[in-house]
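All remarks here apply to the structure that follows.
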Amino acid sequence: MIRLLALLTLATPATAADFVFCWQGDNGYRMEGRMTVPDERLSQPLVRQDDVTGFFIRGFHNGIPIGSWDLSQLTPETSWNLSFDPQRMVFPTGGMHTGPAGQAWNAGGRANDCGDPGFGFNSGTNAQDLCVNNAWITDSMINRYTRFPVYEAGAVDLDCGGAPLLGQAGDSVDLNSLAQLEIYQLVRSGNHGSADRIGSYGAMAKKTE
């Protein structure tokens with residue numbers, strides 16, 4: 001009986017929750033994203049970067065895509081700090097970008113290390129801002145204490161500065177968001193045998209930029 005229970009436990013897949021978020025910077029800069037967190041981690045006071053199993057962000061300037069980053073691109077050199085409060089449903093902001101009240105998503109304290117081409121977001125003690133192609137986008141800066149909410153995936157009527165999240169509002173669907181989201185879902189599922197499919201979606205996203 002004990003052996004049977006052990007086998008059943010091993011056969012039960014771990015469950016996880018998906019979240020979406022949107023950040024509105026200054027001067028027409030915007031970022032949208034999606035994150036996956038295993039259910040057992042949601043009881044923690046803070047979810048950190050090593051807890052998430054899926055993460056994707058994409059930036060826009062005046063509605064035009066300017067870059068993206070996802071967890072599959074993480075390397076030992078990547079600036080990567082994430083803090084998520086699952087009780088308050090926010091990314092804490094205002095503190096050091098390397099600490100529990102800051103964020104460094106492929107962008108360190110100088111926001112100039114996101115790769116070229118590349119995209120990243122930083123929230124530290126100076127401001128919240130973006131990195132594009134290894135350049136700190138000062139025009140995107142907003143107050144470091146600006147609240148950064150997170151929503152459960154599938155929630156309706158979510159917007160960021162009037163722009164729907166990840167093209168969920170029908171007419172505003174864009175091929176870049178759909179292509180990148182499909183890639184995110186394939187990577188998350190571990191379906192590495194779909195390399196051709198991922199490549200075709202990547203080509204579609206590049207073509208529409």
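Couple of notes before you dig in:
- Listed residue (115, 74, 96) projecting farthest to the positive dipole end of region 15-166, Cβ model: 96
- 5 angstrom amide H check on residue 125, placed H, neighbours 5+ away: 97
- Karplus (6.51, -1.76, 1.60) ³J(HN,Hα), θ = phi - 60°, over region 20-27, in Hz, Gly and Pro reported as x: 10, 7, 8, 10, 10, x, 8, 6
- Dipole magnitude of region 15-166 about its Cα centre (Cβ charges: Lys, Arg +1; Asp, Glu -1), debye to nearest 20: 280 debye
- In this structure, the amide hydrogen of residue 140, modeled 1.01 Å from its nitrogen in the peptide plane, lies closer than 5 angstrom to those of 130, counting only residues at least 5 positions away or on a different chain.
- Under 5 Å, built H, 5+ apart or other chain: amide partners of residue 114: 134, 135
- Taking N as its residue count, the alpha carbon Rg of region 40-99 over 2.2 N^0.38 Å: 1.28
- With Rh defined as the Kirkwood radius, the inverse of the mean 1/r over Cα pairs, the Rg/Rh of region 15-166 is 0.93.
- Treating r as the C-beta distance of residue 145 and residue 43 and R0 as 22 Å, the FRET efficiency rounds to 0.25.
- Normalised by the number of residues in region 15-166, the mean separation of alpha-carbon contacts (under 8 Å, six or more apart) gives a relative contact order of 22 percent.
Laboratory data are not the source of any read-out in this text; all were calculated from the coordinates shown. Note that this is a predicted model, so its numbers are computed, not measured. Cβ sites come from the backbone with ideal geometry, for glycine too, and all protein chains shown count toward neighbours.
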